[in-house]
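Trainee: Got a structure for you, written out below as structure tokens; questions coming shortly.
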Amino acid sequence: MKSRYFSTFQLILLALFSALVVVAKIALRTPLQLPGHSGIFWMAIIVVAARVVPKPGAASLVGVTSGLIAAFLGMGDFGMLNTFLSYTLLGVVSDLVLLLLGGNRENLVVAILVGILGHLGKLMVKWAYGIISGAPVGFVALGLVRAIIGYIIFGAIGGFLGWLTLIALRKAGFFAYLAEKR
């Protein structure tokens, strides 16, 4: 009998994290008006999801699923395809960073790098749309400097908050509980 890569329990957890990403985007609006400010919430959830289900592809699955939900709900500034690709690339880049760094998913540096690079993956979708639309490259680059700084800062904060959440979950015995359920 062939075993599945993700168990049903893990798929349910990842679906819940996907829904949480969309709910965070809707409910936790901050009036900062800075590019990338929602990365505080998104990246924290992605970091936690990648540790709760510690398999390659977990963050990508959360990205794809939350992208489908968000696109279906009509979220995003530039249409359904942009929304779907932004959420998906955020998860895929987070998975790639985790795969390349390997090791301890509860490491502060790893969590912050996942937050920064995963969030910059989302920005790359917006950058690509600017290039495809024919916007002048100098104009796009000038606008990106401020956005890149915002995405780095808010992605790092999101990674840090995800790391703090993982520490709290460990202290609460959540991972010991998960180990019993396997």
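Trainee: Kirkwood hydrodynamic radius (Cα pairs, Å) of the range 40-182?
Mentor: Evaluated over the range 40-182, this radius sits at 15.6 Å.
Trainee: On to the next question. Helix-only mean residue ellipticity at 222 nm, the chain, DSSP H runs n ≥ 4 weighted -39,500 (n - 2.57), per residue, nearest 500. What is it? Mind showing how you got there, number by number?
Mentor: Details: 7 runs with 140 residues, N = 182.
Helix-only estimate at 222 nm: -26500 deg cm²/dmol.
Trainee: Relative to the longest principal axis of the C-alpha atoms of the chain, give the angle of the C-alpha long axis of helix 137-172, reported between 0 and 90° and rounded to the nearest 10°.
Mentor: Taking Cα atoms only, the helix is inclined about 20 degrees.
Trainee: Now a separate question. Going highest first, how would you order 106-115, 42-51, 55-64 by mean Cβ packing within 10 Å? Walk me through the intermediate numbers first.
Mentor: On the way: 106-115: 20.9, 42-51: 28.1, 55-64: 22.6.
The peptides rank, most packed first, as 42-51, 55-64, 106-115.
Trainee: Net charge near S133, counting Lys/Arg +1 and Asp/Glu -1 over other residues with Cβ under 14 Å of its Cβ?
Mentor: Numbers: positive: K126; negative: D77.
Spelling it out: positives minus negatives among the neighbours equals 0.
Trainee: Then there's this: Between G67, G130, G158, which gets the highest mean-square fluctuation from a Gaussian network model of the chain, Cα cutoff 10 Å?
Mentor: Of the options given, G130 has the highest mean-square fluctuation.
Trainee: First measure r as the distance between the Cβ atoms of A15 and V109, then evaluate 1/(1 + (r/R0)^6) with R0 = 30 Å and state the FRET efficiency to the nearest 0.05. Let's see the in-between values first.
Mentor: Details: r = 29 Å, r/R0 = 0.97.
Once rounded, the FRET efficiency stands at 0.55.
Trainee: Compute the length gained on full extension between F6 and L28: take 0.36 nm times their separation in residues and subtract their Cα-Cα distance, giving the result in nm to one decimal.
Mentor: Values: separation 22, 0.36 × 22 = 7.92 nm, distance 2.97 nm.
The span from F6 to L28 would gain 4.9 nm if fully extended.
Trainee: In whole percent, what relative contact order does the range 37-181 give with Cα contacts below 8 Å and a gap of six or more residues?
Mentor: Details: 210 pairs, mean separation 47.6, N = 145.
Reported as a whole number, the value is 33 percent.
Every number here is computed from the coordinates shown, using simple stated rules; none is lab data. Computed from a predicted model, the values in this text were never measured in an experiment. Note: ideal-geometry Cβ built from the backbone for every residue, glycine included; neighbour counts use all protein chains shown.
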